[in-house]
């Protein structure tokens, strides 16, 4: 902003007090500006507090987890949940979370991207379009536990024959509904950012609307769409509240399970492991809760990182 | 009778090289499958390494078949045609189906060989199919790498069409392209309607079950004002839950609003691009921490290490579980929401407003607070409202750290344990099966869900209305 100030010392301005206002005077004024400095100090304090929050969470979890992770790292990853602290692990949680992530991506990606394509490419400004937009925006704000209720009513009780009740299928479908609005919104933004010249060029060559979308719009918007979709998977992996309502088990024992039972039987997920351990007496189980938190955090951060790298690579490949 | 423009068929060496690449690809996929298998099926549960050679035998047969097919005139032609994208592409669904079968086979093979885990094989098959269906022309990058996309069905279908020189009529809309276009439009519309469908499902399910709660014979309206929230003893005092929710939300906003707005103003007005590259990921990291982890953080750090020593100064005795501790945890969760929405709102304020302010001699702080902040006020208030809505709906932090389990007595003191709407729902939900049998306690879950849904919906509509009503169009 000093650039906008007249930079000619030879033409001094007269201030009301009769003092000559030069560039030097303005600069001194800035460093003497106590209120401004205090304000900036407060802003920096806010940033520092936010940073301290991040560090405090990560360090607390790491310190609490150190004991369990250093003494029984592989056992912790490989063992089922157990009432014996020395043998309790999160293998069932890892399995559940991976299956849930798979179901979410199979169900939510195509529907979410399709809905975004419809809203951005096909829909004209009709009542129906506006209804869809409003419902998407409101669904994004519905608390996650309400989706749990939906899953309980529809998937666990309504479709018990297919999902097998409280199962990993029910949980995956519930979380797919939960992340659907997020995918629609991010994919819409990515598609909206595609310049219309790209579409017009393809139309000019005689392509149908679907050909334009399939060969021009979707490939060009792919970095943004995939980033949003992958981040929504991270979100789904961290959610515990809907799983609690859908009926994730704190402990379950498996004898021999057939192939279908693995999908339709009792299940748990990593965030459920954290919640279960955290609800148990802290003097024995705090280390396990922290260690399970570390596993969740590593998984979520790894997915976020993968999204960032993928976006960078895809953007580079498209030369934009 | 080959057309002149047809490229020469690949040499046997390049074909051999491609086959080698495909076998290497198969190895990589096998290892990946083994890793997934290890975690999904559990370590060596139904995990059997002794059949690993089956995959190789089938793979070798597959490659042999490819090689033989490539020796026939039609085969060599098609092999090359797909590898080079000369001429018009094959029909979209032909390619998709062909790739599905081929690639699904490639992945499902080691799964079947190792574990006979059919469910997993089917799941992998579907994932791979979707991956490929979304790539342009259904062609996966690794197919171009291997360069061997022979299709048995295509081998006897395409050459006749290809032998003709492209004519103007090829660019006309054939019935197939029109049908494809219409089909795509219908499918996208169905996908778009999914959000409406989900909304209707939520409304119908939650409100019909809530109505069952209200209209049940055991239900009386006085139950909603009985002291304490003990659903299994038919005490449904809403005031208990509302007080808890109000405390949690209030404390969360007291934490999140100053910190979040401070970060937003700093990022939008003060930070240069270098500082932004550090601060922005920090906020995003905070946003990606799952709420269960913050719940654990609240009972393992906020309560014992901050509230206990802090409270002892004022003579307050904090336990591990308190509304204050959970409220701070929810506040930490809300910081990134406030920060990112408010920052976007302030960055949307045009530069001219700031320059005019500087031109009048205003200081930077004055410009930020008296010019940019008011101009972005609609977005900033929307940020706060969205944070309130999130704080009301936040479940796991409160469930873990506020200390109310099955029931809670009325408690207006935030230094004591308490219960919120969401935590009460989580407690009911955690015991879903046992609750189901016991009278109307199960339906009270939906009654609370309906209340929560209405509250957050009103807040979201309100924030939308504020943004639309007070948005300054520049």
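Key figures
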| quantity | calculated |
| --- | --- |
| Out of B:301, B:297, B:321, sole residue that is touching a strand residue (DSSP E or B) at 6+ places or on another chain (Cβ under 6 Å) and within 12 Å of another protein chain (Cβ to nearest Cβ) | B:321 |
| One residue from B:229, B:247 being under 33 Å from the mean Cα position of the chain (by Cα) and either within 25 Å of residue B:425 (Cα to Cα) or more than 13 Å from chain A (Cβ to nearest Cβ) (or both) | B:247 |
| Yes/no for residue A:59 being more than 19 Å from residue A:249 (Cα to Cα) and surrounded by fewer than 22 Cβ atoms within 10 Å (Cβ to Cβ) | yes |
| Restricting region A:266-283 to residues that are more than 9 Å from chain B (Cβ to nearest Cβ) and closer than 13 Å to residue A:246 by Cα, the residue that is surrounded by the most Cβ atoms within 10 Å (Cβ to Cβ) | A:269 |
| The listed residue being over 24 Å from residue B:290 (Cβ atoms) and modelled with pLDDT of 85 or more, out of A:235, A:214 | A:214 |
| Count of region B:330-354 residues which are in contact with a helix residue (DSSP H, G or I) (Cβ under 9 Å, 6 or more places away or on another chain), surrounded by fewer than 14 Cβ atoms within 10 Å (Cβ to Cβ) and free of Cβ contacts under 8 Å to residues at least 40 places away in the same chain | 0 |
| The lone exception for residue B:429 - which of (1) buried (at least 23 other Cβ atoms within 10 Å of the Cβ); (2) touching a residue at least 24 places away in the same chain (Cβ under 8 Å) it fails | (2) |
| Lone unmet requirement of (1) modelled with pLDDT of 90 or more; (2) more than 26 Å from residue A:272 (Cα to Cα); (3) away from every other protein chain (no Cβ under 11 Å) for residue B:316 | (1) |
| Hits in region B:355-370 - residues which are surrounded by 18 or more Cβ atoms within 10 Å (Cβ to Cβ) and under 17 Å from residue A:46 (Cβ atoms) | B:364, B:365, B:368 |
| Hey, residue B:205 modelled with pLDDT under 90 and under 30 Å from residue A:47 (Cβ atoms) or not | no |
| Residue among A:107, A:54 that is within 7 Å of another protein chain (Cβ to nearest Cβ) and either under 18 Å from the mean Cα position of the chain (by Cα) or closer than 30 Å to residue A:228 by Cβ (or both) | A:54 |
| Helices (runs of 4 or more DSSP H) lying entirely in region A:127-204 (those with 3 or more residues that are within 8 Å of another protein chain (Cβ to nearest Cβ) and closer than 27 Å to residue B:208 by Cα) | A:127-141, A:144-151, A:168-192 |
| Helices (runs of 4 or more DSSP H) within region B:256-315 that include 3 or more residues in contact with a helix residue (DSSP H, G or I) (Cβ under 7 Å, 6 or more places away or on another chain) | B:273-288, B:291-297 |
| Contacts under 8 angstrom Cβ, first residue in region B:259-272 being at the interface with another protein chain (Cβ under 8 Å from one of its Cβ atoms) and free of Cβ contacts under 8 Å to residues at least 40 places away in the same chain, partner crowded, with 22+ Cβ neighbours inside 10 Å and outside any helix (DSSP H, G or I), 6 or more apart | none |
| Condition met for residue B:281 (surrounded by 23 or more Cβ atoms within 10 Å (Cβ to Cβ), under 24 Å from the mean Cα position of the chain (by Cα) and within 23 Å of residue A:305 (Cβ to Cβ)) | no |
| Candidates B:227, B:248, filtered to the one that is in contact (Cβ under 8 Å) with a residue 40 or more places away in the chain and in a loop (DSSP other than H, G, I, E, B) | B:227 |
| Answer from B:321, B:373, B:296 - the residue that is surrounded by 16 or more Cβ atoms within 10 Å (Cβ to Cβ) and under 28 Å from the mean Cα position of the chain (by Cα) | B:296 |
| Verdict on residue B:383 being farther than 14 Å from residue B:246 by Cα, at pLDDT 90 or above and crowded, with 21+ Cβ neighbours inside 10 Å | yes |
| Test: residue in region A:70-85 that is part of a loop (DSSP other than H, G, I, E, B) and modelled with pLDDT of 80 or more | no |
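The values are calculated or read from the model by the stated rules, or taken from the named source; none is laboratory data. As the structure is a prediction and not an experimental result, all values here were calculated from the model. All Cβ positions, even for glycine, are placed from backbone atoms using ideal geometry, and neighbour counts span all protein chains on display.
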